[in-house]
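Notes to accompany the following structure.
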Amino acid sequence: MNDKKRSSFTGKIGFVLAAAGSAVGLGNIWRFPYLAAKYGGGIFLLVYILLAVTFGFSLMVTEIAVGRKTGVSAIEAFGRLDKRFTFVGYLASVVPIIILPYYSVIGGWVVKYLVGFAAGQGSAMADDAFFGQYLSSAAEPVIWFLLFIGVTAAVVMLGVEKGIEKVSKIMMPILIVLILVIAVYTIVSMDGALDGVVYYIKPDLSHFSVMTVVAAMGQLFYSMSLAMGIMVTFGSYMKKDISIEGSTHQIEIFDTGIAFLAGLMIIPAVFAFSGGDASALGKGPGLMFVTLPKVFDTMPGGTLIGAAFFIMVLFAALTSSISLMETIVSIFCDKLNMKRIPACLIVFGISVALGLLSCFGYSILSDVTVFGMQFLDFFDFFSNSILMPVVAFATCILVGCVLTPGAVIGEAEENGKHFRQKKLYSVMIRYIAPVFIVLILLSSILDFFGVVKI
Ligand code: TRP
């Protein structure tokens, strides 16, 4: 997607796989399960799916159409459609700069667990205190983070991401099978896991809160790589004879399917291990690193399965971090007229600086909080719950009020394609989505400043 001359995907499958490859990452395997566990289980899942098929669908169609129509990446595209919206392109471009550093810190945790399992220390990692102790050491997480971001930068610098993508096409199906195996194993072999399945799948209104919607919405943006210009760029490489609506559906099914399975793998296991204690579900970012090692520890051949699992997750994470970095580097090259290598080095430098903050937030800087949050949580919250809704809102206004939905529908119906859900689309993008986003944004800002605890 990053060639200087605008190359295009050969066909629909190529487009869908490339977009899904960028969308599927730590967001699905690490972030979705812990949010679902924390914000109500079944009710979170339901809200998420409802948002995905209405809201996520409309936004993704819009971004792809904007990209294909203008043929340029986000930082240019918005301004080309309307001068007053140039800032949206810039704002969208800031998001990956905030995400990449902390994404790589978590990538570093994955490397640590992979190395641990490969070295046969699976049992030590299954200990409750292990993850916390690891995080609070000042040096080790930094080393693995630097390794992860270093490999990412090397791939982007050498321009060999195509090779990595090929490997990940093989790894992805294996990852899905592994997730399924682990999920089925925990559910059938552990007492209490079935209750976890019920918690995860059955919506319980008493677990609903405004934060369920806020979190589900943030996750939707994050997981589908929306509201940060990524899908605009992808759209700019898409040929006119491919259906935007059909591809969007497929990307969504792919992305949501993997997230769903990851939840099925982790949430029942947490239930089983905590004996149904709900507070164990609120563990947050550490969930995958605390619970899964225990599952592996009790499995026959668990060391091997654990190592295999973390290697797959590492690949999913690397393909995403590479395309995050690639996005930022191409913005620097295009906008600041920089050469590729210096741009890579600068992006690497910024990422190391911000990533170190996230690492140290758990160790030597653990007393420093930003609005009551550790650095990593703050970066995550600020990009997903503040910046991305602002970008999404501006996109809705641009398409809904300035250009009118007809512009996007026209693009989606190029080459005689039929846009089946265009009624839903127009209503969503014009009325429901913008109102909804403002409400969400307000509630997360109020929550952010601690004005109200939602
Ligand atoms: N969607 C990715 C995930 O689920 C993370 C991500 C967000 C991303 N924005 C991106 C990946 C941009 C590549 C490019 O993990």
I'm trying to understand the selection: among the residues of the range 164-196, which are of a type in the set (Gly, Ala, Ser) and buried (at least 17 other Cβ atoms within 10 Å of the Cβ)?
Ser168, Ala183, Ala193, Gly196
Before we move on, is Glu161 at pLDDT below 85, surrounded by 20 or more Cβ atoms within 10 Å (Cβ to Cβ) and under 24 Å from the mean Cα position of the chain (by Cα)?
yes
Residues to consider are Phe360, Phe371, Phe378, Phe436; find the one that is in contact with a strand residue (DSSP E or B) (Cβ under 6 Å, 6 or more places away or on another chain) and surrounded by fewer than 21 Cβ atoms within 10 Å (Cβ to Cβ).
Phe378
For the range 101-112, does any single residue satisfy the condition of being within 18 Å of the chain's Cα centre (by Cα) and modelled with pLDDT under 90?
no
From Val167, Val232, Val213, Val142, residue being more than 16 Å from the ligand (Cβ to nearest atom) and farther than 28 Å from Phe375 by Cβ
Val167
For Ser243, only one of the following conditions fails: (1) surrounded by fewer than 24 Cβ atoms within 10 Å (Cβ to Cβ); (2) over 26 Å from Arg420 (Cα atoms); (3) modelled with pLDDT of 85 or more; (4) small (Gly, Ala, Ser). What is its number?
(2)
Please verify whether Ser73 is within 16 Å of the ligand (Cβ to nearest atom) and farther than 26 Å from Ala216 by Cβ, treating the condition exactly as stated.
yes
Kindly establish whether Gly246 is of a type outside the set (Lys, Arg), touching a residue at least 12 places away in the same chain (Cβ under 8 Å), away from the ligand (no atom under 16 Å from the Cβ) and within 30 Å of Glu76 (Cβ to Cβ).
yes
Odd one out for Gly40 among (1) within 13 Å of the ligand (Cβ to nearest atom); (2) closer than 25 Å to Phe378 by Cα
(1)
I'd like to check something: does the range 150-160 contain any residue that is among the small types (Gly, Ala, Ser) and closer than 15 Å to Leu292 by Cβ?
no
Which residue pairs have Cβ atoms closer than 6 Å, lie 6 or more positions apart in sequence or on different chains, and pair a first residue in the range 386-404 that is closer than 14 Å to Val435 by Cβ with a second residue that is at pLDDT below 90 and surrounded by fewer than 18 Cβ atoms within 10 Å (Cβ to Cβ)?
none
Set Asp334, Asp277: member being more than 16 Å from the ligand (Cβ to nearest atom) and either within 25 Å of Ala37 (Cα to Cα) or buried (at least 24 other Cβ atoms within 10 Å of the Cβ) (or both):
Asp277
Name the residues in the range 301-325 that are of a type in the set (Gly, Ala, Ser), within 14 Å of Ile179 (Cα to Cα) and within 12 Å of the ligand (Cβ to nearest atom), would you?
Ala316
Contact list, first residue from the range 21-49 and touching a residue at least 12 places away in the same chain (Cβ under 8 Å), second anywhere and within 16 Å of the ligand (Cβ to nearest atom) and in a loop (DSSP other than H, G, I, E, B), beta-carbon distance below 7 Å, six or more apart or interchain, is Ser22/Ser225; Ala23/Met224; Ala23/Ser225
Does the range 44-60 contain at least one residue that is away from the ligand (no atom under 16 Å from the Cβ) and either more than 20 Å from Ile440 (Cα to Cα) or not in a helix (DSSP H, G or I) (or both)?
no
Lone qualifier among Ala153, Ala126 - being touching a Cys at 6+ places or on another chain (Cβ under 9 Å), of a type in the set (Gly, Ala, Ser) and either touching a residue at least 40 places away in the same chain (Cβ under 8 Å) or within 30 Å of Leu387 (Cα to Cα) (or both)
Ala153
Tally, over the range 414-438, of residues that are in contact with a Ser or Thr (Cβ under 6 Å, 6 or more places away or on another chain) and assigned to a loop (DSSP other than H, G, I, E, B)
1
Would you call Met265 farther than 25 Å from Tyr113 by Cα and at pLDDT 90 or above?
no
May I ask you to verify whether Asp195 is acidic (Asp, Glu), farther than 26 Å from Ala316 by Cβ and assigned to a loop (DSSP other than H, G, I, E, B)?
no
Matching residues in the range 80-115 - criterion: being polar (S, T, N, Q), surrounded by fewer than 24 Cβ atoms within 10 Å (Cβ to Cβ) and either under 23 Å from Val290 (Cβ atoms) or within 14 Å of the ligand (Cβ to nearest atom) (or both)
Ser93
With respect to the numbered conditions (1) buried (at least 16 other Cβ atoms within 10 Å of the Cβ); (2) assigned to a loop (DSSP other than H, G, I, E, B), which one is the sole condition not fulfilled by Tyr200?
(2)
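Yes/no matrix, rows are residues, columns are (1) within 14 Å of the ligand (Cβ to nearest atom); (2) of a type in the set (A, V, I, L, M, F, W, C); (3) modelled with pLDDT of 90 or more:
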residue	(1), (2), (3)
Pro342	no, no, yes
Val352	no, yes, yes
Leu356	no, yes, yes
Phe360	no, yes, yes
Val368	no, yes, no
Met373	no, yes, no
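Residue-by-condition table, conditions (1) under 25 Å from the mean Cα position of the chain (by Cα); (2) closer than 26 Å to Val347 by Cα; (3) more than 16 Å from the ligand (Cβ to nearest atom):
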site: Gly122; (1), (2), (3): no, no, yes
site: Ala126; (1), (2), (3): no, no, yes
site: Phe130; (1), (2), (3): no, no, yes
site: Ala138; (1), (2), (3): no, yes, yes
site: Ala154; (1), (2), (3): yes, yes, yes
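The values are calculated or read from the model by the stated rules, or taken from the named source; none is laboratory data. Here the structure is a predicted model, which means the values were calculated and not measured. Glycine also receives a Cβ, built like all others from the backbone with ideal geometry; neighbour counts cover every protein chain displayed.
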